[in-house]
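One structure is given below, encoded as C-alpha cells.
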Amino acid sequence: MEYKQLTEDSVVDYLKSVPAAKEVLGDLDNLDIREIGDGNLNFVYFITNKSDPTQTAVLKQAVPFLRIVGKDWPLPKERMTFEIMALENESDLTPEHVPEIFHSSHDMSLVLMQNLKDYPVLRGQMNEGKYFPNLAEHVSTFLAKNLFYTSDWYLDHRTKKEMVKKFINIDLCKITEDFIFTHPFCKSDTNAYNERLTEKDINFIHEDDELKIHQAELKYKFMNNAEALLHGDLHTGSIMADAEKTYVIDPEFAFFGPAGFDVALFIGNMFLAYFAHAHRQTLLGNDPSEYRTWILDQIRETWNKFEVKFESYWKEHFEAEKDLFWDYPGGEKAHAEYRRRNIARIFDDAMGIAGSVMIRRILGLAKVSDIADIEDLDARAEVERMGLRMGRELIINHTKYTTIEAVADLATGISPADQAVPASSAT
Ligand code: SR1
Ligand code: MG
C-alpha cells in the first residue's frame, strides 16, 4: 500500500483493510478516534469501540517531518521500520514490558498496538508525586535483558553483525547526535532557555574547555560503539506504568550503540525529577524529603539490580557455552574479572552520558515537563541550575564516580533531599 498520512477521519478506512483491526476493535463503523497530539515526532491515535471500551488500540504513524518543529524539518517516515523491528525484538526478550503489537506496516509507517490507557506515562504521574514500587525491578530487567542478549557476549558473530546492519538508523541517530550531544552545548538556534537563566548560567556550559572535550568524547563513543541494541530514547516519558506493571514504549531511536546509553537516559531523567521535586513537592504541600528519597532509591536500585541481572545472564551463558578461550586453570576467575571490568565501564559510560542528557533537557529544544512546566520561572531556574551543575560534573568527572551511591551523593550535595524550592523563596 502506498504511504498516506492518516487523519482522524481517514483512520477507519485504513483499519477496514487490516484483518487484525476487526478482531481487536469489533465494529469498525462504531469507533471513537482521537489524535492525542503530544509526541515530538509522530501522530498517535487512541481508537475505542464506542459500545465497548475494552475494545481499544493505539495507532502510531510516522510522518515525513519532525512534528515538534513542523514540515520545514524533514525526517524520513521510514523511522517507523526501526520502531517495529525493535518492538519485535523487545517482545521476544521482555514481553511483559512492551505493548502487544496487533498489526504493523512498513509501507504506511505505522503500528497498531495495545492501548496502555490504564498505565499513564510515568513522567506525568511522577510530576504528581505518585510512587511505583516495581519501577526499579522492571526497568532493570528491561535494560539487562535487552542489552545483554543483543551484545557480542551473547549473540554469534553473524547474527550480531546482521542485526547491527539492520539497525543502522542514520536519521534518528543524527537527532541524538545533534539534540543530546551537540546543540545544547553551544550557541545553537535550536536551543530554548528559561528567560531567568543568566548568560553566566548558560556560558557555564557553552564556554568551558574541559566540558567541551569530554562532551565531544561522549558523542564519539555514542557514534562508534555498536555494543548492544538500544531502545535509544528510554526517558521517563517512554515508560507507562501503574503500581504493578511497567511498559516501555517508542523505540524508534533503536540502533546498536553503547550499552550505557539506555541506562543513562533513564537515570539522567530520574535525577532531573529529583531536582524538580525540590519545587514540585512544595506545590503539592509536602516536605520534599520523602518523595525525593524515593526517587534516589529507585536510581540506586535500578543500577544495582541491573548490574546483578546483567552479570547473572552473562555468567549463565558463559557456563553453558564452554568457550575454549577461557578454558584453562584460572580461566573462570579471569572471566569473572573481565565481566566486572566491562560492567564498570558500562556504568562509567552511563554516568557521563547521563550528564549530557540532563543538560540537553535544560538548554536544548526538547524539554521535560518535570522542569519546563514549573510556572514560577525563578524557581524553575533554581532547579535548572542544579541540573546544569550535576550534568557538568558528570560529563567532566564521570570516571571518578565509580558507584551509584557516589553519584546519588553528588545529587544530594547539590540539593539535599529535604531542600525545598518554594515559589516565594526564589531568587
Ligand atoms: C528534536 S526531537 C527531540 C527529542 O524527542 C525525542 O523524544 C527524543 O528524545 C529526541 O531527542
Ligand atoms: Mg518518543
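Before moving on, here are some points about what is shown:
- Qualifying positions in the range 220-275 - within 12 Å of ligand 2 (Cβ to nearest atom), more than 19 Å from GLU96 (Cβ to Cβ) and of a type in the set (D, E, K, R): ASP233, GLU252
- Highlighted here are the strands (runs of 3 or more DSSP E) found entirely within the range 27-66 that include at least 2 residues which are within 15 Å of ligand 1 (Cβ to nearest atom) and under 21 Å from VAL98 (Cα atoms): 43-49.
- You will find that of ARG341, ARG389, ARG385, ARG361, the residue that is assigned by TED's automatic domain parsing to the domain that holds TYR220, over 27 Å from LYS130 (Cα atoms) and not aliphatic (A, V, I, L, M) is ARG341 and no other.
Conditions tested, residue by residue: (1) surrounded by 12 or more Cβ atoms within 10 Å (Cβ to Cβ); (2) closer than 19 Å to ASN115 by Cβ; (3) basic (Lys, Arg).
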| site | (1), (2), (3) |
| --- | --- |
| GLN5 | yes, no, no |
| ALA20 | yes, yes, no |
| GLY26 | yes, yes, no |
| ASP38 | no, yes, no |
| VAL44 | yes, yes, no |
| THR56 | yes, yes, no |
| LYS77 | yes, no, yes |
| GLU100 | yes, yes, no |
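- Comparison of ALA216, ALA264 shows that the only residue that is surrounded by fewer than 23 Cβ atoms within 10 Å (Cβ to Cβ) and either part of a helix (DSSP H, G or I) or not β-branched (Val, Ile, Thr) (or both) is ALA216.
- Meets criteria (over 20 Å from the mean Cα position of the chain (by Cα), in contact (Cβ under 8 Å) with a residue 40 or more places away in the chain, in the same structural domain as ALA278 (by TED's automatic domain parsing) and away from ligand 2 (no atom under 16 Å from the Cβ)) for ASP378: yes
- Residue in the range 121-129 that is more than 16 Å from ligand 2 (Cβ to nearest atom), of a type in the set (Gly, Ala, Ser), closer than 30 Å to VAL308 by Cα and in contact with a Phe, Trp or Tyr (Cβ under 8 Å, 6 or more places away or on another chain) present: yes
- Output for the range 335-370, where each listed residue is of a type in the set (Lys, Arg) and more than 16 Å from ligand 2 (Cβ to nearest atom): ARG339, ARG340, ARG341, ARG345
- Condition check for GLU207: away from ligand 2 (no atom under 16 Å from the Cβ), over 26 Å from LEU377 (Cα atoms) and charged (D, E, K, R): no
- Members of the range 172-189 that are among the β-branched types (Val, Ile, Thr) and under 17 Å from ILE68 (Cα atoms): ILE175, THR176, ILE180
- Positions within the range 81-131 being in a helix (DSSP H, G or I), over 30 Å from LEU284 (Cβ atoms) and in contact (Cβ under 8 Å) with a residue 24 or more places away in the chain, in sequence order: THR81, PHE82, GLU83, ILE84, MET85, ALA86, LEU87, ASN89, GLU90, LEU93, GLU96
- Residue within the range 234-254 that is at pLDDT 95 or above, under 24 Å from THR399 (Cβ atoms), assigned to a helix (DSSP H, G or I) and out of contact with any Pro (no Cβ under 6 Å at 6 or more places or on another chain) present: no
- Of the residues making up the range 353-378, those that are in a helix (DSSP H, G or I) and either surrounded by fewer than 24 Cβ atoms within 10 Å (Cβ to Cβ) or not small (Gly, Ala, Ser) (or both) number 14.
- Here ASP152 does not fit the description of being of a type in the set (D, E, K, R), within 16 Å of ligand 2 (Cβ to nearest atom), out of contact with any Gly (no Cβ under 9 Å at 6 or more places or on another chain) and in the same structural domain as LYS212 (by TED's automatic domain parsing).
- Inter-residue pairs, beta-carbon under 8 Å, first farther than 16 Å from GLU290 by Cα and in the range 403-419, second of a type in the set (Ser, Thr, Tyr) and outside any helix (DSSP H, G or I), 6+ apart: VAL407/TYR401; LEU410/TYR401
- Residue under evaluation ASP373, criteria (1) closer than 19 Å to HIS398 by Cβ; (2) under 20 Å from the mean Cα position of the chain (by Cα); (3) away from ligand 2 (no atom under 16 Å from the Cβ), criterion not met: (1)
- Taken together, the residues in the range 224-243 that are more than 15 Å from the chain's Cα centre (by Cα) and over 17 Å from LEU147 (Cα atoms) amount to 2.
- Any chance ALA334 is assigned to a helix (DSSP H, G or I), surrounded by fewer than 19 Cβ atoms within 10 Å (Cβ to Cβ), touching a helix residue (DSSP H, G or I) at 6+ places or on another chain (Cβ under 9 Å) and aliphatic (A, V, I, L, M): yes
- Candidates ASP349, ASP297, ASP287, filtered to the one that is touching a residue at least 12 places away in the same chain (Cβ under 8 Å), assigned to a helix (DSSP H, G or I) and surrounded by fewer than 14 Cβ atoms within 10 Å (Cβ to Cβ): ASP297
The values are calculated or read from the model by the stated rules, or taken from the named source; none is laboratory data. Every value quoted in this text rests on a predicted model; they were computed, and no experiment measured them. Reconstructed Cβ throughout: ideal geometry from the backbone, glycine too, with neighbour counts over all protein chains shown.
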